[in-house]
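Below is one structure, written out as structure tokens, with a few remarks after it.
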Amino acid sequence: MTAPTSRTAVVTGASSGIGAATARALAAEGFHVFCAARRTDRVAALAAEIGGTAVTCDVTDAASVAALAETVGPRLDVLVNNAGGAFGAEPVVESDVEEWRRMYDVNVIGLVQVTRALLPALLAAEDGAGIICNVGSTAGRIAYEGGGGYTAAKHGTQVVTETLRLELFDQPVRVTEIAPGMVRTDEFAMVRFDGDAERAAAVYAGVAEPLVAEDVADAITWMVTRPRHVNIDELVIRPRAQASQFKVDRSSAGD
Ligand code: 8X3
């Protein structure tokens, strides 16, 4: 592979949802995008569509992450740590701790491993304009019943972001977080409820217009294309119908 001459971006979890939409949005902005995810066929199709590079990568696996860094090479402009997810929605005392481990692994450890591996390349970004955007969640800002494992993990995403920003304050790299609320994607709720389509659909029931992946991708693209001295520390984004986690307008007749 010849080294891309345009600005470059890595998007993890690029096989679907917010990750895939972000890869498309950044490519439309002129970035050469490394589309990283476990599902090779999906990232291959996406990379072919947007003229990027597909990388099969499991962010929880150190060797896989090292291979990603090897593919990216010595310079990188943007890292979007998007890989993550929720597994299960049981009350804390009934929950499966294995699911908690998986959530911590992908939402926190994965993000840390990818960031560590790619930081040298980000520090070598053109004009000192390297930037990291971690995809957190409004679940990293509040607690809700049945959300224990996911809210704990996403609070972890938020705290790691803040810690990195403190530790890297005098380095030429920015550290940011986007915290989306209700976003209707093909997989988030289906994965959380282990393929139970009815429970997944109930999450969005009666909500006229939940956010879609493209809304979040649009916001991420804005965050990472600010001038190099501008750091959007954190951006909370929700649909208009969701004033808070506990105050959602579900009066739409359509659903
Ligand atoms: C998704 C937001 O409300 O499902 O990260 O936890 S929520």
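Here are the numbers:
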quantity: Residue count for region 136-148, restricted to those that are near the ligand (Cβ under 9 Å from one of its atoms) and outside any loop (DSSP other than H, G, I, E, B); calculated: 3
quantity: Residue match in region 123-131 (condition: closer than 24 Å to Thr176 by Cα, among the charged types (D, E, K, R), within 14 Å of the ligand (Cβ to nearest atom) and open to solvent by 20 Å² or more (accessible area, probe 1.4 Å)); calculated: no
quantity: Test: residue in region 161-168 that is within 16 Å of the ligand (Cβ to nearest atom) and open to solvent by less than 20 Å² (accessible area, probe 1.4 Å); calculated: yes
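The values are calculated or read from the model by the stated rules, or taken from the named source; none is laboratory data. Only a predicted model underlies this, so the values are computations on that prediction, with no experimental measurement involved. Using ideal geometry, Cβ is built from the backbone for each residue, glycine included, and neighbour counts are taken over all protein chains shown. Surface accessibility is based on the protein's heavy atoms, side chains included, excluding ligands, DNA and RNA. Shrake-Rupley method; radii C 1.70, N 1.55, O 1.52, S 1.80 Å.
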